[in-house]
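Inspection log for the structure reproduced underneath, given as structure tokens.
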Amino acid sequence: MNRIVFLDADTLGTTSLAPIEALGELVTYGRTNGEEALERVRDADILIVNKVEVTDELMRAASKLKLICEAATGVNNIDLEAAQRRGIPVRNVAGYSTDSVAELTFRQLLGFFCDSDRFDSEVKDGSYSRSGLFTDVSLPFREPAGKTLGIIGMGTIGSKVALIASAFGMKVIYFSTSGTSHCKDYPSVSLDELLRNSDAVSIHCPLNGRTKGLIGMEELKMMKKDAIIINMARGGIIDEAALAEAVGNGTIGGAAVDVFTEEPLPEDHPLLHCTRPQRLRLTPHVAWASAEALERLVEGIAANIRDL
């Protein structure tokens, strides 16, 4: 029976691991630091990780290891060259979070356009009751229909966001960070053109040498003053200090961010001290993790183990 070791099972919360448990002896650890990992993998046949670093040293300590399963899509936490050299296959799970990320992206976009939180508070705090008027048209909300959504990175998730945007009557344009404009359903434009013409910008590209620091103050100043920017991709693509400043001083209309350069977000981070916090929506790296997405992820890990 295979001994399956999951080093950071807390990353999947309370999601049932039954599909994996059925495939061997499953040993789970909520969280694991570097030193603990070396001891915990010694008898592992199969290793599951989400964010734990899998180094050459770690693989050397796991002399029985015959499969590494990434509990995510990105495998940047695994030394792939060392794994290949040792003949250990590495398998991730692709596509499990596409709907989850796309839906949270659009929830945030609609939140800015409709400002539903403000309307809800107005009714609950009694302002509406005291107004004497059946409606509030002092700050009308905006419709997404007819607006332009600029997508940075038209991969699987970007394409799903584009599909939803189109259903709402939005015009979609995109910028290919790879330089290969493979998608022919929407116009491919330069980054400058996208930033200048979009009412909302949504980032769905990988973090790499081409995209690190892609959006700084210079780029934010190109955007319309009432435009919003959403980052559901990776921290480091946007200069976070510049973003906090741009939202705070009204250079742009607002921002929604789910991913950060350092996670969890340090308490002294500029985004937590933005001078217009009502125009900055922050979520704790959860776009990938709807209940359904987590279930699909576990099933995907189990399938990778079964295919060994």
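The values are calculated or read from the model by the stated rules, or taken from the named source; none is laboratory data. In this text, all values refer to a predicted model and were calculated from it rather than measured experimentally. Because the Cβ atoms are built from the backbone with ideal geometry, glycine has one as well, and the counts that use them run over all protein chains shown. Accessible surface areas use protein heavy atoms only, side chains included; no ligands, DNA or RNA. Shrake-Rupley method; radii C 1.70, N 1.55, O 1.52, S 1.80 Å.
So here's what we get for this one:
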quantity	calculated
Whole-Hz ³J(HN,Hα) from phi, Karplus 6.51 cos²θ - 1.76 cosθ + 1.60, for the stretch 99-105, glycine and proline x	5, 4, 5, 4, 5, 5, 4
The stretch 173-210: trypsin sites (Lys or Arg not before Pro) in DSSP loop, at most 10 other beta carbons within 10 Å	K184
Under 23 Å from K171, Cα to Cα: lysines that are on another chain or at least 8 residues apart	K147, K160, K184, K221, K224, K225
Spatial extent of the chain: Rg and Dmax, with the Cα atoms as the point set, Å	22.1, 75
Rounded to the nearest 10 Å², the accessible area of Y29 at probe 1.4 Å	60
Normalised alpha carbon radius of gyration of the stretch 137-251 [divisor 2.2 N^0.38 Å]	1.04
19 Å cut-off, amide nitrogen to a point 7 angstrom out along C114 Cα→Cβ, residues in the stretch 265-290	279-283
Gap separating the Cα centres of the stretch 265-296 and the stretch 178-207, nearest whole Å	23
Charge sum, other residues only, whose C-beta stays under 13 Å from L195's C-beta, Lys/Arg counted +1 and Asp/Glu -1	-1
Relative contact order [Cα under 8 Å, 6+ residues apart], the stretch 100-209, whole percent	29
Cross-link reach list, lysines versus K64, counting only Cα pairs under 30 Å and skipping chain neighbours closer than eight places	K51
Magnitude of the charge dipole, the chain, Cβ model with Lys/Arg +1 and Asp/Glu -1, debye to 20	740
